[in-house]
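What follows is one structure encoded as structure tokens, with my remarks underneath.
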Amino acid sequence: MLPSCFLCVTLISIRVRNINGADLTVTRTCRMFSRLKQRVEDVLLPGDEFSFETDDTISLTEAVKPEKAVCGPGLRRSGDRLVVCKSGVLRHKPPNVFWIDSQQRRYVPAKGETVIGIVTAKSGDVFKVDVGGSEQASLSYLAFEGATKRNRPNVQVGDLVFAQFIIANKDMEPELSCIDSSGRANGMGVFGAGGLLFRVSLGLVRRLLSPHNEVRSDLETLFPCELVVGMNGRLWVRSSSIQQTLIIANLLQSCETMTAQQRKELFRRVQQGAL
């Protein structure tokens, strides 16, 4: 997950001299990191805050380097405070990354994220794509692998595209591309024949995209399938039959509100044919 802001925690250092005239460093450490780590896996609400308080212990011999915290979605720096702006569970990735894991469904485009879009219109040399945000994104016909002015891609209204944001900010229209920095498609482009598209929460999307996700591994052992995950909360799945495709979609949507034990019990009942 890409960080949304950086938070620099500066420690207070004071130079003093001992009775022999040698310099000593008095360092007062900040307790915000310890408080953040204590609240990991706790449910936080908008308005909760962490302040830059210093502890009462003073070190005269050790100099502590200033630390930086990478704050992801749901956390915002406000003066000398770190404020929670989304409700959810506080997550931590060593050594210093913190974010709020929420069940949000509203998608805000971010540069570098890959999404599943629906082509809604052709406007000259640009396609208009619905990505589930507040406005549609633009996709140039040259933003496909091997596309030229003479060799245009075969993209029709209603097609699904797996693309990456190259421009995404509040002052400009979002722009997509179906090629990476080296000009290769790398799995992006038009897709979607014979599959099913549905929506889930953004929290479930991040769980599915994590390197060692149990939901995805259990699903692959239960039903072999093709799965495309968009950071905008859209999933596309295709299996060997329509019945299996519908079962997979229902299982993924049910996993949003289930614990790990409940999910394993549900998958076991499906494997035994009880459902």
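The values are calculated or read from the model by the stated rules, or taken from the named source; none is laboratory data. Owing to the predicted nature of the structure, the values given are computational and were not obtained by experimental measurement. Here the Cβ positions follow ideal geometry from the backbone for every residue, glycine too, while neighbour counts run over all protein chains shown. Calculation scope for accessible area: heavy atoms of the full protein, side chains included, ligands and nucleic acids excluded. Shrake-Rupley method; radii C 1.70, N 1.55, O 1.52, S 1.80 Å.
Neighbours of E113 by Cβ distance under 13 Å: Lys/Arg scored +1, Asp/Glu scored -1, total +2. Label separation (R76 vs F191): 3.5 nm, computed from points 7 Å beyond Cα along the C-beta direction. The gain in end-to-end length when the D171 to R152 segment is fully stretched comes to 3.9 nm, 0.36 nm per residue minus the alpha carbon separation. I242 contributes about 130 Å² of solvent-accessible surface, heavy atoms of the protein only, 1.4 Å probe. Take E145: with every protein chain present and a 1.4 Å probe, its accessible area is about 90 Å².
Once backbone amide H atoms are built at 1.01 Å from N, L75 has C85, I100 as its partners under 5 Å, excluding neighbours fewer than 5 places away on the same chain. Inter-part distance, segment 202-236 to segment 240-275, computed on C-alpha centroids, equals 13 Å. Note on segment 148-229: the C-alpha convex hull projects to 8.1 nm² when averaged across all orientations. Classified by the C-alpha gyration tensor, segment 119-195 has a rounded form. Its axis ratio a/c, with a ≥ b ≥ c, is below 1.5.
Our coupling estimate for segment 213-226, obtained by passing each phi through the Karplus curve with A = 6.51, B = -1.76, C = 1.60 and θ = phi - 60°, is 9, 6, 4, 5, 5, 5, 5, 5, 6, 7, 9, x, 7, 9 Hz, Gly and Pro reported as x.
Computed from the C-beta positions of S201 and T259 and an R0 of 22 Å, the FRET efficiency is 0.90 to the nearest 0.05.
Charge tally around N186: other residues with Cβ under 14 Å, Lys/Arg +1 each, Asp/Glu -1 each, net -1.
Here the accessible area is traced with a 1.4 Å probe on the protein chains. For segment 113-190, carbon and sulfur cover 45 percent of it.
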